[in-house]
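A short worksheet on the structure shown next.
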Amino acid sequence: MARVFFSSGLRRQVGGAESLELEANDVRELLAALDAKFPGFAAQIGEANAIAIDGEIIPHGEALFERLRPESEIHFLPKIGGG
């Protein structure tokens, strides 16, 4: 099962968990599983976060159909503005 890691800002949305293991074939399925377990989670992620899959950071909209392997590690990262 893929392991999902949560930044400190998202942990209160998932009952304080630092990480969870979930079954999903792609990021879209992963978000649906998280939303089923923690209603409103997918909306909380929105465009305000990037998603890192196995060390590669992918913008949220581009990550939805990325395939996940059973040993994948997924991190939800807050976007940081610069200037």
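The values are calculated or read from the model by the stated rules, or taken from the named source; none is laboratory data. All figures in this text were calculated on a predicted structure; none of them were measured in a lab. We place every Cβ from the backbone using ideal geometry, glycine too, and count neighbours over all the protein chains shown.
Inside region 31-59, can you point out the residues that are in contact with a Gly (Cβ under 8 Å, 6 or more places away or on another chain) and not in a helix (DSSP H, G or I)?
As a first pass, look at region 31-59 and keep what is in contact with a Gly (Cβ under 8 Å, 6 or more places away or on another chain): 38, 47.
Once the filter is applied, which keeps residues that are in contact with a Gly (Cβ under 8 Å, 6 or more places away or on another chain) and not in a helix (DSSP H, G or I), region 31-59 yields only F38.
Kindly list, by first and then second residue, each pair from a residue in region 1-17 that is exposed (fewer than 12 other Cβ atoms within 10 Å of the Cβ) to a residue that is at pLDDT 90 or above, limited to pairs with Cβ atoms under 7 Å and residues at least 6 apart or on different chains.
No pair meets every condition.
Failed condition for G46, given (1) surrounded by fewer than 17 Cβ atoms within 10 Å (Cβ to Cβ); (2) in contact with a strand residue (DSSP E or B) (Cβ under 8 Å, 6 or more places away or on another chain), with all others met?
(2)
Filter region 19-30 for residues that are of a type in the set (D, E, K, R) and part of a helix (DSSP H, G or I); which is surrounded by the most Cβ atoms within 10 Å (Cβ to Cβ)?
To start, the set of residues in region 19-30 that are of a type in the set (D, E, K, R) comprises 21, 23, 26, 28-29.
When the remaining residues are screened for being part of a helix (DSSP H, G or I), the result is 28-29.
On the way: R28: 14, E29: 16.
Taking the candidates together, the pick is E29.
Looking only at region 60-80, which residues are within 18 Å of L10 (Cα to Cα), in a strand (DSSP E or B) and either modelled with pLDDT of 95 or more or over 11 Å from the mean Cα position of the chain (by Cα) (or both)?
Within region 60-80, the first condition is being within 18 Å of L10 (Cα to Cα), and the residues that meet it are 60, 73-80.
Filter once more, so that each one left must be in a strand (DSSP E or B): 73-78.
Result: E73, I74.
Could you list all residues from region 33-43 that are surrounded by 14 or more Cβ atoms within 10 Å (Cβ to Cβ) and either of a type in the set (A, V, I, L, M, F, W, C) or out of contact with any Phe, Trp or Tyr (no Cβ under 7 Å at 6 or more places or on another chain) (or both)?
Taking region 33-43 and keeping what is surrounded by 14 or more Cβ atoms within 10 Å (Cβ to Cβ), we get 33-35, 38, 41-42.
Listed by number, the residues that qualify are A33, L34, F38, F41, A42.
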